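Have a look at the structure below, then the notes.
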Amino acid sequence: MEKTKKYHVEGATLTIPLRYDETSGRYMEVYPDFIENPIYTPEGHPIMLTLEDACAFGEKKDANEGLVDCGSCRFYRQVQNTLIGVCGCEKKRINIVE
Amino acid sequence: MEYITVRDAAQKWNISERLVQKYCATGRIAGAKKFGTSWVIPAGAVKPKDPRKAQRAPAMRRERRQSVSYPGLMPLMNTAFEPGRCLEFIHDMADDPQKQIALAEYYYFSGQPEKAVRETELFLTGADRDIQLSACLIYAYANLSVGKIQRARYALTAVQEMLASVSEKQPEMRAALSFVSSAAAVLLHLPLPERLPPMQEFLPMLPMGIRMFALYVNAHYTYLQKEYQKSLGIVETTLGMQTEEYPIPSIYLHLVAVMDYMSLKQRDKAKQHLLAAWELAKPDDLIEGFGEHHGLLGGMLEAVIKPEYPEDFKRIIAITYRFSAGWRRIHNPDTGHDVADNLTTTEFAACMLAARGWTNQEIGDHMNISVNTVKWHITNAMQKLGIGSRQDLKNYMLL
């Protein structure tokens with residue numbers, strides 16, 4: 001049976017498959033393509049990969065660093081101990097119909 | 001005796017009257033006499049020399065050193081051979097220790113460290129200091145590649161001890177030792193030896209090929225200080241100065257230029273230098289340098305060499321793994337760093353570029369892989385290293 005890891009991200013539940021890496025001797029998370037197949041929180045915020053290239057709406061989190069990826073954007077809220085997080089930018093939010 | 005006035009002297013020497021008076025007052029014109037407020041000067045007096053020039057000339061003469069012949073010091077590195085005729089040159093050498101050192105150099109630079117170790121073992125001690133120094137340097141690096149770290153340490157320590165014991169009255173020996181010590185330290189990213197004299201003191205004494213390699217070491221050191229433009233200046237000047245092509249130092253100089261240009265995000269220029277290095281290396285299979293520098297070449301080997309020369313690329317990567325394993329074992333006891341542990345070479349190359357602020361799209365374009373593949377490699381690397389952000393990756397890879 002495939003090994004997976006579950007994350008509860010701001011109300012959304014994600015199941016991330018794991019694969020065993022022989023060189024490092026540990027399980028690695030295999031992230032889905034969040035750009036091709038977007039996943040949203042109940043609030044309509046997209047879930048992203050931390051190292052996704054920064055988009056046109058991004059703003060620097062740290063004035064001394066560049067804006068290269070989601071991880072360096074002030075709208076991004078990273079989940080602990082993984083490389084996924086939530087984009088809190090209003091311009092990227094979708095309207096959720098109840 | 002006939003005398004002339006200050007005005008006459010000024011016209012004759014094409015200087016101001018005020019300066020003539022100054023010369024008279026400071027006693028620089030023999031026979032000048034003062035009458036009241038003015039001076040008279042012997043008609044045959046010679047214009048005094050400019051004191052600034054007079055002082056500078058002997059100082060320059062004192063500092064100039066001539067290059068010294070070091071027949072046993074890395075003879076292959078110090079030879080301008082035609083690419084493709086490296087082995088021919090070695091076979092034509094007289095059967096003596098120099099030939100064996102040249103052969104050991106060939107083995108080392110063509111990625112055959114076991115053979116290089118065998119060739120140099122006999123010369124680690126001996127009367128000929130140049131041969132011994134060359135043997136120590138090759139032996140240290142070759143053992144690093146075959147995983148015999150204690151032996152590598154032994155050879156490096158022997159060089160340090162020689163440097164510490166040599167007298168300042170032996171400038172030729174100090175020059176050779178300084179070259180070997182700095183090469184050993186800088187290329188392994190170790191601190192420079194405390195007793196290392198300034199480079200300008202020993203560089204002029206080294207023969208052309210060795211001097212070029214010493215300048216490569218200097219450019220590499222400057223690169224590590226993140227002074228990429230300065231490093232490029234050293235490389236371009238050194239390459240431009242050579243009157244004949246010295247393949248081994250030239251390959252290494254071009255590789256540093258690739259590192260510098262990739263750090264400055266100038267891919268086209270980096271590619272030009274990589275191809276120039278490859279053109280010199282390929283005919284004699286001198287591929288060791290490519291493997292040693294892989295991590296700093298910013299994916300350029302994957303982008304340029306891998307598609308056209310897949311078999312050579314595989315061998316280069318094998319050198320990289322072997323060399324970096326030894327490199328880490330040299331470093332671990334002192335720094336605790338295990339930067340590249342468990343990373344594949346592709347993961348390492350992608351991470352180096354990501355750490356330098358390249359986007360996934362830019363990395364993908366450069367390495368001829370898709371953006372998703374870039375993300376795959378970087379997420380794998382970040383998980384292996386236990387890193388959660390690109391900023392942490394930068395700290396880990398570059399600091």
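The values are calculated or read from the model by the stated rules, or taken from the named source; none is laboratory data. None of these values were measured; they are calculated from a predicted model. Every residue, glycine among them, receives a Cβ derived from its backbone with ideal geometry; neighbour counts consider all protein chains shown. To get the accessible areas, we keep the full protein, side chains included, count just its heavy atoms, and leave off ligands, DNA and RNA. Shrake-Rupley method; radii C 1.70, N 1.55, O 1.52, S 1.80 Å.
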With N residues in the protein assembly as shown, what two-decimal value do you get for its Cα radius of gyration over 2.2 N^0.38 Å? 1.35
Rolling a 1.4 Å sphere over the protein heavy atoms, what is the accessible area per residue of segment B:51-337, to the nearest Å²? 45
Mind grabbing the interface size between A and B? I mean buried accessible area, both sides, 1.4 Å probe, in Å² to the nearest hundred. 1700
Going by amide H atoms built from the backbone, whose H comes under 5 Å of the H on A:Asp21, apart from near neighbours? A:Arg26, A:Tyr27, A:Met28
In whole percent, what relative contact order does segment B:3-42 give with Cα contacts below 8 Å and a gap of six or more residues? 47
Within segment A:58-80, the residues whose backbone N lies under 13 Å from a label point placed 7 Å from the Cα of B:Lys226 along the Cα-to-Cβ direction are A:65-66
Could you report segment B:3-42's accessible area per residue, 1.4 Å probe, as an integer in Å²? 66
Can you tell me the FRET efficiency between B:Glu236 and B:Asp365 if r is taken as the Cβ-Cβ distance and R0 is 22 Å, rounded to the nearest 0.05? 0.25
Gaussian network model of chain B, Cα springs within a sub-10 Å range: biggest mean-square fluctuation belongs to which of B:Pro249, B:Pro113, B:Pro171? B:Pro171
Name the GluC sites (Glu not before Pro) in segment A:1-84 that are in a loop by DSSP and that have at most 16 other C-beta atoms within 10 Å, would you? A:Glu2, A:Glu10, A:Glu22, A:Glu36, A:Glu43, A:Glu59, A:Glu65
Within segment B:212-257, which GluC sites (Glu not before Pro) sit in a loop by DSSP and count at most 16 neighbouring Cβ atoms inside 10 Å? B:Glu227, B:Glu244, B:Glu245
Mean projected area in nm² (Cα convex hull; one quarter of hull surface) for segment B:3-42: 2.4
Considering only A:Pro38, A:Val86, A:Ala54, whose Cα is most displaced toward the positive end of the charge dipole of chain A, charges sitting on Cβ of Lys, Arg (+1) and Asp, Glu (-1)? A:Val86
Loop-resident sites, chain A, for chymotrypsin sites (Phe, Trp or Tyr not before Pro), counting at most 12 other Cβ within 10 Å (DSSP): A:Phe57
State, as an integer percentage, the relative contact order of segment B:66-107 based on alpha-carbon contacts under 8 Å between residues 6 or more apart. 51
Label zone at B:Asn372, where the point sits 7 Å out along the Cα-to-Cβ direction: segment A:33-69 residues whose backbone N lies under 13 Å: A:33-38
For chain B, with only Lys/Arg (+1) and Asp/Glu (-1) charged at the beta-carbon, what is the dipole magnitude about the Cα centre, in debye rounded to 20? 2300
Full-extension gain between B:Ile15 and B:Val46, please, as 0.36 nm times their residue separation minus the C-alpha to C-alpha distance. 9.9 nm
Can you report the principal axis dimensions of segment B:181-220 using only the alpha carbons, biggest first, rounded to whole angstrom? 25, 18, 13
Hey, rough spin-label estimate for A:Thr13 and B:Thr125, points 7 angstrom out along Cα→Cβ, what's it come to in nanometres? 7.3
Once you average over the residues of B:83-91, how many Cβ atoms of partner chains fall within 10 Å of each Cβ? 0
Rounded to the nearest 0.05, what FRET efficiency do A:Asp33 and A:Lys60 give with R0 = 35 Å and r taken as the Cβ-Cβ distance? Could you check? 0.85
Quick check: at a probe of 1.4 Å, how many percent of the accessible area of segment B:3-42 sits on carbon and sulfur atoms? 50
Mind checking which of B:His366, B:His294, B:His91 has the largest fluctuation in a GNM of chain B, springs on alpha carbons under 10 Å? B:His91
Given a Förster distance of 56 Å, report the FRET efficiency between A:Met1 and B:Arg315 from their Cβ-Cβ distance, rounded to the nearest 0.05. 0.85
Can you list, bin by bin at 20 Å, the percent of alpha carbon pairs in chain B, starting at 0? 24, 45, 16, 12, 2
Dimensions in Å of chain A - Rg and Dmax from alpha carbons: 14.6, 47
Relative to the longest principal Cα axis of chain B, at what angle does helix B:129-145 sit, 0 to 90 degrees, rounded to 10? 30
Theoretical gain in end-to-end length, B:Tyr154 to B:Leu264 [0.36 nm per residue, Cα-Cα removed]: 35.8 nm
Counting only the heavy atoms of the protein chains, how much of B:Thr373 is accessible to a 1.4 Å probe, in Å² to the nearest 10? 50
Charges on Cβ only, +1 for Lys and Arg, -1 for Asp and Glu, centred on the Cα centroid of the protein assembly as shown; of B:Ala158, B:Gly298, B:Val258, which one is farthest towards the dipole's positive end? B:Ala158
Taking Cα atoms only, helix B:171-187 is inclined relative to the longest principal axis of chain B by an angle, in degrees rounded to 10, of 40
Compute the helix-to-body angle for B:228-241: its Cα long axis versus the longest principal axis of chain B, expressed 0 to 90° and rounded to tens. 70
Show which lysines lie in cross-link reach of B:Lys47 when reach means a straight Cα distance below 22 angstrom and same-chain residues fewer than eight apart are skipped. B:Lys12, B:Lys22, B:Lys33, B:Lys34
Normalised contact order of chain A, rounded percent, pairs of Cα under 8 Å and 6 or more residues apart: 21
